[in-house]
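Worksheet: one structure, shown below.
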Amino acid sequence: MTLREPESADLPTLTGLMRTRVLRPAGEGTFPGLVLWSEIFQITGPIHRTAALLAGHGFVVAVPEVFHDLEAPGTVLPYDAPGAERGNAHKVARSLAAYDSDAAAAVHFLKQHPACSGKIGTVGICLGGHLATRTALLPDVSAAVCCYPTDIHQGTLGLGLADDTLRRLGEIRAELLFLWGRQDPHIPQAGRRLIHQTLSDLGLQFTWHEFNAQHAFLRDEGPRYDPELALLSWQLILAMLRRSLQSGSAQPALPTL
């Protein structure tokens, strides 16, 4: 599907207005909504292209600025050491209540959007993978794609480095898809095993894929990008989102290898 020009919305949250980029198909009708959570670098080129890919397959995609209360609207942190340092400092300077308020605001925005069918999912990458997991705690969310989510295994997201995400997984009713890189130093094998065991013990509906890949293997910029694994991953992601959110409606075609 071709896309409309990107839109922008400022959503009210616990910590002020949250600048949110919105991409959606050019066609008429309604489409499921997706909250896309970025890495610590905010809405970079790779994140915008990810949003466009998802929107082109029949979704209204809202991409919030994850540090909207700490950076000026439109700020993009560079993919370098200073950018990573700044982003990592920001992610533990915000409270869990602030993150959860952002998620609720984004979901509410999509539910009210005239182009949204009312079905809601979420996709997140790195920090965003963790935020997608927390967004799935909301009852209106039916599907969550969590790409190498950081901090869940050690509970170190947010102010005080003491998040409760792992303990709250049992509240999730959405279908979940987790993607991981085995060579990712941020989520080692023991951490992945803890999350998998917890999900299994709780009897949640989830699918789990591990690849021989580094952290950020989906990001189409930089030396860790693996195009072949990225294409396979997006096929898995789109198939899950279509099944969970687009069932019973006209379906866009999936890419083929």
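Points to keep in mind about this one:
- Selection count where residues are in contact with a strand residue (DSSP E or B) (Cβ under 9 Å, 6 or more places away or on another chain) and either farther than 20 Å from L34 by Cα or crowded, with 23+ Cβ neighbours inside 10 Å (or both), scope the range 142-156: 8
- Selection from the range 19-43 of residues that are modelled with pLDDT under 95 and either assigned to a strand (DSSP E or B) or of a type in the set (D, E) (or both): E28
- The set of residues in the range 206-256 being at pLDDT 95 or above, part of a loop (DSSP other than H, G, I, E, B) and either surrounded by 14 or more Cβ atoms within 10 Å (Cβ to Cβ) or within 19 Å of the chain's Cα centre (by Cα) (or both) consists of A213, Q214, H215, A216, F217, L218, R219, D220, E221, R224, Y225, D226.
- Taking the range 227-241 as the range and being more than 15 Å from C126 (Cβ to Cβ) and free of Cβ contacts under 8 Å to residues at least 40 places away in the same chain as the test, the residues that pass are P227, E228, L229, L231, L232, Q235, A239.
- In summary, A26 fulfils each of the numbered conditions (1) in contact with a Lys or Arg (Cβ under 7 Å, 6 or more places away or on another chain); (2) over 30 Å from P227 (Cβ atoms); (3) surrounded by fewer than 16 Cβ atoms within 10 Å (Cβ to Cβ) with the single exception of condition (2).
- Count - residues of the range 1-18 that are touching an Asp or Glu at 6+ places or on another chain (Cβ under 6 Å) and outside any strand (DSSP E or B): 1
- The residue of the range 47-97 that is nearest to L11 (Cα to Cα), among those that are small (G, A, S) and crowded, with 20+ Cβ neighbours inside 10 Å, is A62.
- From the list L157, L70, L138, L176, the lone residue that is over 16 Å from the mean Cα position of the chain (by Cα), among the hydrophobic types (A, V, I, L, M, F, W, C) and modelled with pLDDT of 95 or more is L70.
- Residue, farthest from L159 (Cα to Cα), within the range 91-110, restricted to residues that are touching a strand residue (DSSP E or B) at 6+ places or on another chain (Cβ under 6 Å) and not β-branched (V, I, T): L110
The values are calculated or read from the model by the stated rules, or taken from the named source; none is laboratory data. Only a predicted model underlies this, so the values are computations on that prediction, with no experimental measurement involved. So basically every Cβ, Gly included, is an ideal-geometry build from the backbone, and we count neighbours across all protein chains shown.
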